[in-house]
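All remarks here apply to the structure that follows.
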Amino acid sequence: MEEKKLHMKQAIELALSNVNENKGGPFGAVVVKDGEVIGKGSNLVTDKNDPTAHAEIVAIREAAKNMGTYALQGCEIYTSCEPCPMCLGAIYWARIDKLYYAATKDDATKADFDDSFIYKEISLPKDQRSIPSLQIMRDDSVKVFEAWNESGNKIPY
């Protein structure tokens, strides 16, 4: 079987195993570098009571730990389903080179995993979102960025 299909099969098997073991939602992901799996994950939201423990996030965290870096250039991620907005953001922040996915967000919606609300919220002006977003103490916080810019210890990313 073609290498890409083998990696996707692993992601899908992680998703199915997660369903069978009742650990979380039906999602799996693997991060691959040079043909080798360096991180894998399944959805552990309900198992860990962690709303950020999506399969892609779990796999990225493991890959970053195993690689000893937050920057995963040269890596690919295989996910059993098209990533949600949070996971897509994490994939970009991790600088992963390529994303492969199996099921679509529409397929996920049919299983009651509907991210359309979040996509709509992101596109709205802050004052029209369902969660109030109020700015306070900007001047104090900007001083932290100034300290960062002046720091000799900063690690640009």
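Observations
- Once the Cα-Cα distance is subtracted from the 0.36 nm per residue extended length, the Ser151 to Arg129 segment shows a gain of 4.3 nm.
- Size of the chain from its Cα atoms: along the principal axes, largest to smallest, the extents are 56, 39, 26 Å.
- Among Ile57, Gly152, Ala108 - extreme Cα towards positive end, dipole of the chain, charges at beta-carbon: Gly152
- Taking every protein chain into account, the 1.4 Å probe leaves Val144 with about 100 Å² of accessible area, to the nearest ten.
- Label-to-label distance, Ile118 versus Met67, with points set 7 angstrom from Cα along the beta-carbon direction: 2.2 nm.
- The range 13-44: GluC sites (Glu not before Pro) in DSSP coil with no more than 13 other Cβ atoms inside 10 Å: Glu21
- Within the chain: Cβ-based charge dipole about Cα centre, in debye rounded to nearest 20 (Lys, Arg +1; Asp, Glu -1): 160 debye
- Solvent-accessible surface ranking, highest first, for Leu134, Leu72, Leu14 at 1.4 angstrom: Leu134, Leu14, Leu72
- Label-to-label distance, nm, for residues given as Leu16 and Asp34 (7 Å Cα→Cβ offset): 3.1 nm
- Estimated purely from DSSP H runs of n ≥ 4, each contributing -39500 (n - 2.57), the mean residue ellipticity at 222 nm for the chain is -13500 deg cm²/dmol once divided by its residues.
- Probe 1.4 Å - accessible area at Asp50, Å² to nearest ten: 40 Å²
The values are calculated or read from the model by the stated rules, or taken from the named source; none is laboratory data. These figures come from a predicted structure and were not determined experimentally. Positions of Cβ are generated from backbone atoms using ideal geometry, with glycine treated the same way; all protein chains shown enter the neighbour counts. Heavy atoms of the whole protein, side chains included, go into the accessibility calculation; ligands, DNA and RNA do not. Shrake-Rupley method; radii C 1.70, N 1.55, O 1.52, S 1.80 Å.
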